[in-house]
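Peer 1: There's a structure below that I have some questions on.
Just so it is clear, none of the values below were taken in a lab; they were calculated from the coordinates. Because the structure is predicted, anything quoted here is derived from the model rather than measured. Please note: Cβ atoms are built from the backbone with ideal geometry, for glycine as well, and neighbour counts cover all protein chains shown.
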Amino acid sequence: MKFLIALILGCAVLPAFAQVKSLVHKEEKRRYIVYTPASYDSQPQKAFPVVFSFHGSGMTMAEQMLYTQMNRAADRHQFIVVYPSGIKQDWNVGFGTSYLEGSDDIGFAEALLTKLQQDYRIDKQRVYATGLSRGGFFALRIAAELPQLFAAVASIGAPMPEPVIQHHTKSGKVGVLLIHGTADQVVAYGGKPSGYLSAEDSYRYWLKRNGINAAEANPRTIGGADVALREQSNGSQSVALATIQDGGHTWPGADPFNIGLPIGKTTTSIDANEIIWQFFAKQTR
């Protein structure tokens, strides 16, 4: 999924508390942006939560930062955001590449977390991941493969990929939030055979993986009449699905004029960053 934000990027500079950094993983230089909230320097004894924010296919780490505006939520709620860069602007979830032999993005995520813990005051019990489209698919791969490191993930416009299910052998539990528009024409809400589950089946998949066996919760309206949320918990981890009626393949609450492709309606009924953080804040390892 390509986002064309060239006009913005052409005149933009990184926010004051954002830094471009890199590490070498498997002989390949991998870049990332780290944003620390304004309160980071003024609270030298505090360990901060960290949120990994993965870009969609064809996007850059800077576009993900500018499009989602998650830094604003980081300032409000005092967490660090890291925007990693995928090889060839993509993430390996087994679509069109070898799940096991393709880019070692899971290893990169582990190495990046280790590096962040060395360089910043990170709360190891409050490590989270989110993403849009291919980045959301990859956040779900992280939930499946790194539950010992990540407390919760949130996926936007990206239900559970079939290749991740096929290789999902770890039993660790992790909180999962799915946000998806019913009119998404890029990644269908109803799923794709041999590609990915529907949003509803992804919700049920993670209920089962987290041992949540109660009857499914009734949806409740949040923000506006076009957003319905279902959420259930086992007491430690929660699983939630926010369904956006007529929503497109977008980041809820984002500025639709930042997008260069006609990928559907962006709801203003909710701010995805706030919904995501409210969900993350309830979950620790």
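Peer 1: Alpha carbon centre of the stretch 152-199 versus the stretch 81-151: separation in Å?
Peer 2: 15
Peer 1: Restricting attention to the alpha-carbon atoms of the chain, what are Rg (one decimal) and Dmax (integer), both in Å?
Peer 2: Calculated on Cα positions, Rg and Dmax stand at 17.4, 52 Å.
Peer 1: Can you list the lysines whose alpha carbon sits under 22 Å from that of Lys124, skipping same-chain ones fewer than 8 residues off?
Peer 2: Lys21, Lys46, Lys115, Lys170, Lys173, Lys282
Peer 1: List, largest first, the extents of the alpha carbons of the stretch 96-216 along their principal axes, each in whole Å.
Peer 2: 42, 36, 26
Peer 1: Here is a follow-up. Of Ser202, Ile122, Tyr99, which is farthest on the positive side of the dipole of the chain, counting Cα position, with +1 on Lys and Arg Cβ, -1 on Asp and Glu Cβ, and the Cα centre as origin?
Peer 2: Ile122
Peer 1: Cα gyration tensor of the stretch 176-244, axes a ≥ b ≥ c as square roots of the eigenvalues: rounded (a/c below 1.5), prolate (a/b > b/c) or oblate?
Peer 2: Numbers: a/c = 2.52, a/b = 1.20, b/c = 2.10.
It comes out oblate by the Cα gyration axes.
Peer 1: Continuing with this model, one more query. How high is the relative contact order of the chain, in percent, counting Cα pairs under 8 Å that sit 6 or more residues apart? It would help to have the intermediate numbers written out before the result.
Peer 2: Details: 622 pairs, mean separation 47.1, N = 285.
Relative contact order, the chain: 17 percent.
Peer 1: Using the Kyte-Doolittle scale, find the helices of the chain whose mean hydropathy is at least -0.5 and whose Cα atoms extend 20 Å or more along the helix's long axis, counting only whole DSSP H runs. All intermediate terms of the calculation are to be shown ahead of the outcome.
Peer 2: Values: long enough: 105-119 (21 Å, -0.01).
What comes out of the filter, once short or polar helices are dropped, is 105-119.
Peer 1: Oh, and also: Using every Cα-Cα pair within the stretch 35-146, state what percent have a distance larger than 16 Å.
Peer 2: Working: 3603 of 6216 pairs.
Distances greater than 16 Å cover 58 percent of the Cα pairs.
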